[in-house]
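The values are calculated or read from the model by the stated rules, or taken from the named source; none is laboratory data. All figures in this text were calculated on a predicted structure; none of them were measured in a lab. FYI the Cβ positions are ideal-geometry reconstructions off the backbone, even for glycines, and counts take in every protein chain you see. Areas reflect the complete protein model, heavy atoms only, side chains present, ligands, DNA and RNA absent. Shrake-Rupley method; radii C 1.70, N 1.55, O 1.52, S 1.80 Å.
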2 protein chains.
Amino acid sequence: MTAISPVTIRRARRDDVGVIVGMLADDPLGRGRERLEDPLPPYYFRAFEALDRDSNIQLVVAEDGDGAVVGCLQLCILPGLSSQGASRGLIEDVRVATPCRSRGIGEQMVQWAIAEARAKGCKLVELLTHHTRVDAQRFYVRLGFQPSHVGMTLRF
Amino acid sequence: MTAISPVTIRRARRDDVGVIVGMLADDPLGRGRERLEDPLPPYYFRAFEALDRDSNIQLVVAEDGDGAVVGCLQLCILPGLSSQGASRGLIEDVRVATPCRSRGIGEQMVQWAIAEARAKGCKLVELLTHHTRVDAQRFYVRLGFQPSHVGMTLRF
């Protein structure tokens with residue numbers, strides 16, 4: 001039985017971008033997609049600025065008791081006509097720092113996102129997880145998600 | 001061999017909301033979720049106003065040669081840090097009016113969304129389709145999508 005590490009969920013700041021990209025890159029699928037260089041390529045900061053000024057998007061980080069960033073998650077609240085005009089919450093880019101896994105950090109972040117989406121009037125929260133991420137799928141099912149859809153992607 | 005009906009894709013207007021909700025409701029999954037009443041419940045118009053003022057969201061309709069609305073699609077352009085700070089396009093609520101199916105209207109709408117997402121700098125377009133919508137999955141594969149992900153949903 002592993003101890004739970006309580007974390008604080010807070011909005012990401014510009015000076016978190018390096019740590020966040022580090023977590024995105026430290027992943028079997030992310031490794032080939034990111035460029036973790038020092039200094040970090042400027043497009044990451046441009047993307048941060050774009051999402052930071054979008055009132056429907058919240059990029060958050062999980063901070064441990066020492067103030068270290070140990071996880072990240074992006075929540076988008078998307079208005080739409082379907083389901084009686086209910087907004088939808090879309091969860092993306094959930095990552096927990098490798099040495100901090102299995103301590104309930106991902107669960108605290110996803111529960112935060114579910115609560116936030118409910119508070120914003122969503123009737124549905126959705127996410128795509130790669131079909132090879134079997135542990136992630138089990139994790140989401142445990143939190144109440146259904147593997148109800150096929151997530152289709154087209155990369156350019 | 002069925003003829004292709006060329007359509008014009010244009011931004012949805014407030015006076016299209018009734019037709020769009022009609023298409024959302026005329027669907028095995030949508031039937032139980034929508035309320036197609038006259039007058040239409042006001043929450044649909046509130047949702048339209050919310051999405052219409054969101055610069056990252058485009059709700060579009062397909063108009064046939066007679067100016068009739070025969071399809072709809074919502075495209076969200078979502079900034080994010082992953083994939084080197086590339087935005088993602090999310091396609092939602094794709095519908096074609098029942099009597100107008102199999103005439104290439106869905107394909108014209110989805111191709112419009114792909115081109116629009118590319119033009120806005122996206123490197124990825126994604127969507128969730130219910131696992132029972134086998135024809136839809138075949139349709140998206142034909143347009144170049146991969147069934148690479150599991151789409152997980154949590155409804156409140």
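So if we plug the beta-carbon distance of B:THR132 and B:GLU63 into 1/(1 + (r/R0)^6) with R0 = 41 Å, what FRET efficiency do we get, rounded to 0.05?
Here the calculated transfer efficiency is 0.90.
Can you spot the aspartates and glutamates whose alpha carbon is less than 19 Å from B:LYS120's alpha carbon? Ignore those fewer than 8 places along the same chain.
Within the straight-line cut-off, B:LYS120 pairs with A:GLU49, A:ASP52, A:ASP54, B:ASP52, B:ASP54, B:GLU92.
In debye, nearest 20: dipole of the stretch A:1-73 around its Cα centre with unit charges on the Cβ of K, R (+) and D, E (-)?
About 240 debye.
Kindly give the distances from A:GLU37 to its copy-mates, label point to label point, with each label point 7 Å from Cα along Cα→Cβ, as nm values to one decimal ordered shortest first.
5.9
For A:ALA3, place a label point 7 Å out from Cα along the Cα→Cβ vector, do the same in each other copy, and report the separations in nm, one decimal, smallest first.
Listed shortest first, these distances are 7.4 nm.
Would you kindly find the accessible area of A:ARG13, with a 1.4 Å probe and non-protein molecules such as ligands, DNA and RNA excluded, rounding to the nearest 10 Å²?
120 Å²
Whole-Hz ³J(HN,Hα) for each residue in the stretch A:98-112, computed from phi via Karplus 6.51 cos²θ - 1.76 cosθ + 1.60 with θ = phi - 60°, x for glycine and proline: what do you get?
Values, residue by residue: 3, x, 10, 6, 6, 10, x, 6, x, 4, 5, 5, 5, 5, 4 Hz.
Leaving ligands and nucleic acids out of the surface, order A:VAL94, A:VAL60 by accessible area at 1.4 Å, largest first.
A:VAL94, A:VAL60
Can you work out which chain B residue has the shortest Cβ-to-axis distance for the rotation that carries B onto A, and give it in Å?
Of all Cβ atoms in chain B, the one nearest the axis gives B:GLY151, 2.
Taking chain B as a Gaussian network, Cα atoms linked when under 10 Å apart, which of B:ARG138, B:ARG95, B:ARG118 shows the biggest mean-square fluctuation?
Looking only at B:ARG138, B:ARG95, B:ARG118, the biggest GNM fluctuation is shown by B:ARG138.
For chain A, calculate the relative contact order in percent as a whole number, restricting contacts to Cα pairs under 8 Å that are 6 or more residues apart.
21 percent
To the nearest 10 Å², what's A:ARG155's accessible area with a 1.4 Å probe?
Answer for A:ARG155: close to 110 Å² accessible.
What FRET efficiency, computed as 1/(1 + (r/R0)^6) with R0 = 25 Å and r the Cβ-Cβ distance, is obtained for A:GLU49 and A:ASP27, rounded to the nearest 0.05?
Between A:GLU49 and A:ASP27 the formula returns 0.55.
Restricting the count to DSSP beta bridges whose residues both fall in the stretch B:15-156, what percent are antiparallel, rounded to a multiple of 5?
Counting only bridges with both partners in the stretch B:15-156, antiparallel ones make up about 80 percent.
Taking the label point 7 Å from Cα in the Cβ direction, how far apart in nm is A:GLN111 from each other copy of itself, listed shortest first?
4.9
Enter the accessible area per residue of the stretch A:1-89 (Å², integer; probe 1.4 Å; all protein chains in place).
47 Å²
Of the residues B:GLN137, B:GLN108, B:GLN74, which exhibits the maximal mean-square fluctuation in a Gaussian network model of chain B defined by a 10 Å Cα contact cut-off?
Top of the fluctuation ranking is B:GLN137.
Hey, what number do you get for chain B at 222 nm if only DSSP H runs of n ≥ 4 count, each worth -39500 (n - 2.57), divided across all residues, to the nearest 500?
Here the helix-only value at 222 nm equals -9000 deg cm²/dmol.
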